[in-house]
1. How much accessible area per residue does the chain have, counting only protein heavy atoms and a probe of 1.4 Å, in square angstrom?
2. Working with all protein chains in place, sort 129, 21, 146 by solvent-accessible area computed with a 1.4 Å probe, largest first.
3. How big is D for the chain, in µm² s⁻¹ as a whole number, if Stokes-Einstein is applied with the Kirkwood radius of its Cα pairs at 37 °C and 0.692 mPa s?
4. Please report the antiparallel percentage of the DSSP beta bridges confined to the chain, to the nearest 5.
5. Defining a contact as two alpha carbons under 8 Å apart and six or more residues distant in sequence, what relative contact order in percent does region 47-111 show?
6. For the chain, with only Lys/Arg (+1) and Asp/Glu (-1) charged at the beta-carbon, what is the dipole magnitude about the Cα centre, in debye rounded to 20?
7. Report, in listed order, any pair from 234/281; 11/61; 33/234; 61/281 with a Cα-Cα distance greater than 27 Å.
8. Round to a whole number: what % of the accessible area of region 1-133 belongs to carbon and sulfur, probe 1.4 Å?
Amino acid sequence: MTEITLSNGVKMPSVLLGTYRTRGPAAVELSVKSALESGYLGIDTAAVYRNHKDIAGTLAKTLPGLNLSRRDIFLTSKLSPQDHGTEKCKDGILKCLDELETDYLDLFLIHWPGVQKLQLDDPQNKLLRAESWRVLEDFYKSGKLRSIGVSNYTVQHLEHLMEHCTVVPHVNQVELHPHYPQDDLVKFCSTHSIHLQAYSSLGQNGVSGKLLSSKSVLEIASNIDKTPAQVLLKWGVLRGFSVLPKSTNPEHIKLNLNLDFHISDLDMTTLNNLHCTEFEKYAWDPANII
Ligand code: A2P
């Protein structure tokens, strides 16, 4: 299992189990238990995924049998967009800790630069997310959050954050894959030592999606005897990102962690250039939030 070292020295697995849309006790248990049994040591969740309690229940049930404890697991959660602002953010973090039955989180992110129910161009977005960031900094300094970051932040949102932060975010979790490589954001984050965590590595819609069925991806996968999903995840890891494949299929879960293979420079160039002919964004776009 390869690890990433964040700018504050905290180590994080480069592949974590994604749990967006994994909801309900049975689905969560199937996914999280399969992942832990396959060797995953990182789980990514969020308040809006509404699966904290089921994740906590599965961890409590499964970890002892695998000779693991909470400290062996890297646990990420995120602030709900309805909880921006000083007081709501404090309560939101405490609720996450409570639901996940833990006294600390390894990583906590502001999920979205906008505030739920505000217009995209409402100046309150900027003010309230700055308040939220100060709360994250306080929890970080108290040790309850081992690292802190943001999600879905564009260069513009990060530039604004840089003007007032006392802790530079350790992570920015965004949509990143060969159809949407966000080169400018990658450059900005690299300059400021902000680790980029890639979501939607497979393009969100599984095998029916355009990315997983892209001709180039299929050809590269077939030539090296790997699956298209493994190629896309490995692309992310080779680019220095961590990845968060989500699945409720135990076979997929196992395969998605098995990234111990090589992609040639030529194939990486093909993947890096894919967006020139096949550009596609699959998730929500935060670009117009001021
Ligand atoms: P499933 O639960 O059946 O595995 P993303 O993380 O990019 O949003 O993609 C998630 C989607 O990709 C889910 O629909 C998931 O379905 C599917 N998926 C996850 N791993 C694989 C894999 N190895 N091969 C094919 N589809 C996968």
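The values are calculated or read from the model by the stated rules, or taken from the named source; none is laboratory data. Note that the coordinates shown come from a computational prediction; the quantities given were computed from them, not determined experimentally. So basically every Cβ, Gly included, is an ideal-geometry build from the backbone, and we count neighbours across all protein chains shown. Ligands, DNA and RNA are stripped out before the accessible areas are found, and what is left, the full protein with its side chains, is counted by its heavy atoms. Shrake-Rupley method; radii C 1.70, N 1.55, O 1.52, S 1.80 Å.
1. Result: 45 Å² of accessible area for each residue.
2. Numbers: 129 10, 21 150, 146 95 Å².
Descending order: 21, 146, 129.
3. On the way: Rh = 19.3 Å.
The calculation lands on 170 µm²/s.
4. Values: 4 of 29 bridges.
Expressed as a percentage, antiparallel bridges in the chain total about 15.
5. Numbers: 56 pairs, mean separation 29.0, N = 65.
Relative contact order comes out at 45 percent.
6. Around 480 debye, computed over the chain.
7. Values: 234/281 19 Å; 11/61 25 Å; 33/234 23 Å; 61/281 38 Å.
Check vs 27 Å cut-off fails for 61/281.
8. Working: 2980 of 5920 Å².
Taking all protein chains in place, region 1-133 shows 50 percent carbon and sulfur surface.
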